[in-house]
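Trainee: Please read through the structure below; I'll follow up with questions.
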Amino acid sequence: LPQANGGLIAPSGSNMVALAAKQNSVPVVTLAGMFKLCPMYPHEGQDTLNDLISPSSVADYSLMGDPVLSEVEFVNPVHDYIPPQLIDLYVTNIGGFQPSYIYRLLAEYYHSDDWEAFE
């Protein structure tokens, strides 16, 4: 879900992949349809980044008997936020764009009245 500032909300673990790509000078290209663009900025009260799921996909429950692991708190988020500086290109159904241009696409393709639903 591309954000107005050019950032991206993606499945958990995506931020780590984007950081590794940046470190190794590998471009990060994101594919998203125009209908996926979100006029909100990541700091505007979205609860999406607070969704957590069961830690069973991270650690097996049978290991919880171990005294060391019983003291560990597992947090398993559903989504990651990828900042715009880690994304090189957005490819949409109308073309390819830099992350810094996403806010302009929103202004061109959506009327400001359409944004009221998000407020």
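The values are calculated or read from the model by the stated rules, or taken from the named source; none is laboratory data. Here the structure is a predicted model, which is why all the values come from computation and not from measurement. Quick reminder, even Gly has a Cβ in these numbers, built from the backbone with ideal geometry, and neighbours come from all protein chains shown.
Trainee: Do any residues in the range 103-115 that are under 17 Å from residue 6 (Cα atoms) have Cβ atoms under 9 Å from those of residues that are of a type in the set (Gly, Ala, Ser) and modelled with pLDDT of 80 or more, where the two are at least six apart or on different chains, and which pairs are they?
Mentor: Sorted first by the residue in the range 103-115, then by its partner, the pairs are 103/6.
Trainee: Right, another one. Find the residue count for the range 1-46, including only residues that are in a loop (DSSP other than H, G, I, E, B) and either over 11 Å from the mean Cα position of the chain (by Cα) or at pLDDT 75 or above (or both). Can you show your working first?
Mentor: Residues of the range 1-46 in a loop (DSSP other than H, G, I, E, B): 1, 3-7, 12-13, 24-28, 32-33, 37-46.
Now drop any that are not either over 11 Å from the mean Cα position of the chain (by Cα) or at pLDDT 75 or above (or both), which leaves 3-7, 12-13, 24-28, 32-33, 37-41, 43-46.
The qualifying residues number 23.
So that you can scan it fast, the table gives a plain yes or no per residue for (1) exposed (fewer than 10 other Cβ atoms within 10 Å of the Cβ); (2) under 12 Å from residue 37 (Cβ atoms); (3) charged (D, E, K, R):
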site: 56; (1), (2), (3): no, no, no
site: 64; (1), (2), (3): no, no, no
site: 71; (1), (2), (3): yes, no, yes
site: 81; (1), (2), (3): no, no, no
site: 86; (1), (2), (3): no, no, no
site: 107; (1), (2), (3): no, yes, no
site: 111; (1), (2), (3): yes, no, no
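Trainee: Filter the range 64-90 down to the residues that are within 21 Å of residue 13 (Cα to Cα), in contact with a Ser or Thr (Cβ under 8 Å, 6 or more places away or on another chain) and outside any loop (DSSP other than H, G, I, E, B) and list them by number.
Mentor: Correct list: 77, 79, 80, 82, 84, 89, 90.
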